[in-house]
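Inspection log for the structure reproduced underneath, given as C-alpha cells.
The values are calculated or read from the model by the stated rules, or taken from the named source; none is laboratory data. Since the structure is predicted, the reported quantities are computational estimates derived from the model, not experimental observations. Please note: Cβ atoms are built from the backbone with ideal geometry, for glycine as well, and neighbour counts cover all protein chains shown. Please note that ligands, DNA and RNA were not included when accessible areas were found on the heavy atoms of the full protein model with its side chains. Shrake-Rupley method; radii C 1.70, N 1.55, O 1.52, S 1.80 Å.
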Amino acid sequence: MATSNLPTSYSRYTLQERPEAYITPTTFKYETLSLEELKSSMKDTDVLVQVDYISLDPAMRGWLRDQRSYIAP
C-alpha cells in the first residue's frame, strides 16, 4: 500500500454497546488512530476508504438492537 498521500491519523466511531432504550454517550466509542495503529488493526480483507459524506437514517436506530431484522445486526 502506498502511504505517501495518506493522512497520518484517522478518526472513527465504533459501536461500544448496544443500547437498551435510548442512545447514550457510551453507545459509541470515538477513536483517533495513527496510520500504523490503523494498519495493524486491519485484516487482510479490510479496505480503507475516505468518507466525504454520511447519511443517518431513522431505520439505523433499529439496526443497533441485537435482534432479528430484515438485515443482520
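Numerical summary
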read-out	value
Exposure of residue 45 as accessible area (Å², to 10), given a probe of 1.4 Å and all protein chains	120 Å²
The chain - percent relative contact order, Cα under 8 Å, separation 6 or more	28 percent
Where 29, 43 fall by accessible area, highest first, once all protein chains stay in place (1.4 Å)	43, 29
Net lengthening on full extension, residue 47/residue 30 (0.36 nm per residue, minus Cα-Cα)	4.2 nm
Per-residue [θ]222 nm for the chain (sum of -39500 (n - 2.57) over DSSP H runs n ≥ 4, rounded to 500)	-3500 deg cm²/dmol
Residues residue 13 and residue 55, FRET efficiency given R0 of 22 Å [Cβ-Cβ distance, rounded to 0.05]	0.95
For Cα extents along the principal axes in Å, calculated from these coordinates, the label among [x] 41, 29, 23; [y] 47, 39, 15; [z] 43, 26, 23	[z]
Distance (nanometres) between label positions extended 7 Å along Cα→Cβ at residue 63 and residue 37	2.6 nm
Electrostatic dipole magnitude of the chain [Cβ: Lys, Arg +1; Asp, Glu -1; Cα centre; debye, to 20]	220 debye
